[in-house]
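Everything below concerns the one structure shown next.
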Amino acid sequence: DVMYLDRDLQPETASDLFDTQTRLALETMLNRAPNGPVTQKRVAKIFGGPALEWLMKDLAENREEFRSRQYHQMAEVGSVRVFLGEDGGAIAMATGQVIRVGVDPVQQKVVNQVFNLGARLVWEPNINLRDNKLYPHTCREAAYTLTLVSES
């Protein structure tokens, strides 16, 4: 989780940095257990403003289903495309898959689900580096879609 931000980042290096931060953000957002995010401590460090509000709402809306079905979910990020902005930020588009395992509460059977993942994250320079120095950028906008591919 430690990142060093060099003042003289070249575009290829900056893209690599945003790629890494996007993967970390998606894992933070989507790796969940029945009681919430697996890495809860990272949520407020990586996400800010509208992205944090949106994520907290998403977690609240899915909380009961994750608890009642004892879902465990992991994201596998495949590709990330980074579009660098002139303001030191970036937009990242990612694809991958999400694997979810739980229990059907009626039939008491294990359920395995696989989803295709599509995500868009907007990054800006972190203005709170004193308190949050491990993350050089903050995600200010986030959205994802999950499309069910298989269920057994």
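For this structure, a couple of remarks:
- From the options Val111, Val122, Val149, residue that is out of contact with any Leu (no Cβ under 8 Å at 6 or more places or on another chain), among the β-branched types (Val, Ile, Thr), within 15 Å of Ile46 (Cα to Cα) and modelled with pLDDT of 95 or more: Val122
- Residue selected from the range 43-52 under the condition small (Gly, Ala, Ser) and either outside any helix (DSSP H, G or I) or in contact (Cβ under 8 Å) with a residue 24 or more places away in the chain (or both), by the criterion surrounded by the most Cβ atoms within 10 Å (Cβ to Cβ): Ala51
This table checks each residue for (1) out of contact with any strand residue (DSSP E or B) (no Cβ under 7 Å at 6 or more places or on another chain); (2) over 17 Å from Leu148 (Cβ atoms).
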position	(1), (2)
Ala14	no, yes
Leu30	no, no
Thr95	no, no
Pro105	yes, yes
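- When Leu84, Leu59, Leu55 are checked against the criterion of being surrounded by 13 or more Cβ atoms within 10 Å (Cβ to Cβ), under 20 Å from Leu134 (Cβ atoms) and either in contact with a strand residue (DSSP E or B) (Cβ under 7 Å, 6 or more places away or on another chain) or touching a residue at least 60 places away in the same chain (Cβ under 8 Å) (or both), a single residue qualifies: Leu55.
- Close pairs from the range 9-35: first at negative phi and modelled with pLDDT of 90 or more, partner among the aromatic types (Phe, Trp, Tyr) and outside any loop (DSSP other than H, G, I, E, B), Cβ under 7 Å, at least 6 apart: Phe18/Trp123; Gln21/Trp123; Arg32/Phe66; Pro34/Phe66
- Restricting attention to the range 123-152, the residues being of a type in the set (D, E, K, R) and in a loop (DSSP other than H, G, I, E, B) number 3.
- Complete set of residues in the range 104-123 that are surrounded by 15 or more Cβ atoms within 10 Å (Cβ to Cβ) and either touching a residue at least 60 places away in the same chain (Cβ under 8 Å) or among the small types (Gly, Ala, Ser) (or both): Leu117, Ala119, Leu121, Val122, Trp123
- Positions within the range 16-64 being in contact with a Phe, Trp or Tyr (Cβ under 7 Å, 6 or more places away or on another chain) and among the charged types (D, E, K, R), in sequence order: Arg32, Lys45
- Subset of the range 69-106 (residues that are among the hydroxyl-bearing types (Ser, Thr, Tyr) and either at pLDDT below 95 or assigned to a loop (DSSP other than H, G, I, E, B) (or both)): Tyr71
The values are calculated or read from the model by the stated rules, or taken from the named source; none is laboratory data. As the structure is a prediction and not an experimental result, all values here were calculated from the model. Every residue, glycine among them, receives a Cβ derived from its backbone with ideal geometry; neighbour counts consider all protein chains shown.
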